[in-house]
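In what follows, a single structure is set out as structure tokens and then discussed.
The values are calculated or read from the model by the stated rules, or taken from the named source; none is laboratory data. Everything numeric in this text was worked out from a predicted model, so none of it was measured. All Cβ positions, glycine included, derive from the backbone under ideal geometry; neighbour counts span all protein chains shown.
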Amino acid sequence: MATSFRTRLGLAAIVAICGGLSCESPVALKPNTPIGLRVWAEVAPTSLSIGDSTATLRIRVYVENPAGDTLRVRSGGPPYIFTSDPAQSQGLKESFRIASATDFLNAGPDTDYWGDSVYVFPPHDMEYTEAVVSIRQWRAGGWPLIPEPLRVRSWFNGREGSSASFQLVP
């Protein structure tokens with residue numbers, strides 16, 4: 001299940017959101033993409049048992065305009081082009097990929113969000129998309145379920161942001 005949310009949040013709210021989650025430090029409110037947006041992933045919990053088929057991982061990809069001006073970002077779509085590498089896709093909004101030490105794009109479930117030809121971010125606006133992935137879905141998709149550290153890599157419109165780490169445990 002994937003959802004999308006848009007909100008205006010102050011620094012205190014961002015700090016509260018990151019409490020207990022694996023995410024980039026929200027204190028550095030500088031853009032981390034060449035288009036002036038901040039993009040980062042969060043995961044919860046930060047440890048997931050592969051022995052529990054009902055266990056779930058919540059993944060969020062945040063996009064924030066830290067500037068005082070409205071940012072308009074052309075998506076490049078339609079047409080929308082979906083590839084396994086979000087940096088090579090066209091027209092996508094948020095994307096995430098799960099990475100391991102040996103597979104940087106396909107070590108677990110992934111999701112791409114899309115929809116508009118221009119994405120508009122008012123000053124200090126932030127939005128996120130959320131997906132919940134279960135161990136059962138992971139297993140059904142054929143991705144390896146072995147105890148190891150993993151990362152959720154995040155993108156907005158083909159520009160990679162910061163990742164979040166988590167651990168698969170027995």
So which pairs qualify, if the first residue must be in region 138-162 and closer than 29 Å to Pro34 by Cα, the second must be basic (Lys, Arg) and surrounded by 19 or more Cβ atoms within 10 Å (Cβ to Cβ), the Cβ gap must be under 6 Å, and the two must be at least 6 apart or on different chains?
Arg153/Arg97
Any residue at all in region 94-102 that's over 15 Å from Ala41 (Cα atoms) and among the polar types (S, T, N, Q)?
yes
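Is there a residue in region 119-137 that is of a type outside the set (Val, Ile, Thr) and free of Cβ contacts under 8 Å to residues at least 40 places away in the same chain?
Yes: one or more hits.
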Which residue, of Tyr128, Tyr119, is of a type outside the set (A, V, I, L, M, F, W, C), farther than 20 Å from Glu42 by Cα and buried (at least 18 other Cβ atoms within 10 Å of the Cβ)?
Tyr119
Give me the residue from region 1-59 that is among the hydroxyl-bearing types (Ser, Thr, Tyr), under 25 Å from Asn157 (Cβ atoms) and not in a strand (DSSP E or B) and, out of that set, modelled with the lowest pLDDT.
Ser25
Is it the case, given these coordinates, that Phe104 is assigned to a loop (DSSP other than H, G, I, E, B), modelled with pLDDT of 95 or more and touching a Lys or Arg at 6+ places or on another chain (Cβ under 9 Å)?
yes
Filtered residues of region 60-78 (kept if assigned to a loop (DSSP other than H, G, I, E, B) and either touching a residue at least 40 places away in the same chain (Cβ under 8 Å) or within 29 Å of Arg136 (Cβ to Cβ) (or both)):
Asn65, Pro66, Ala67, Gly68, Asp69, Thr70, Ser75, Gly76, Gly77
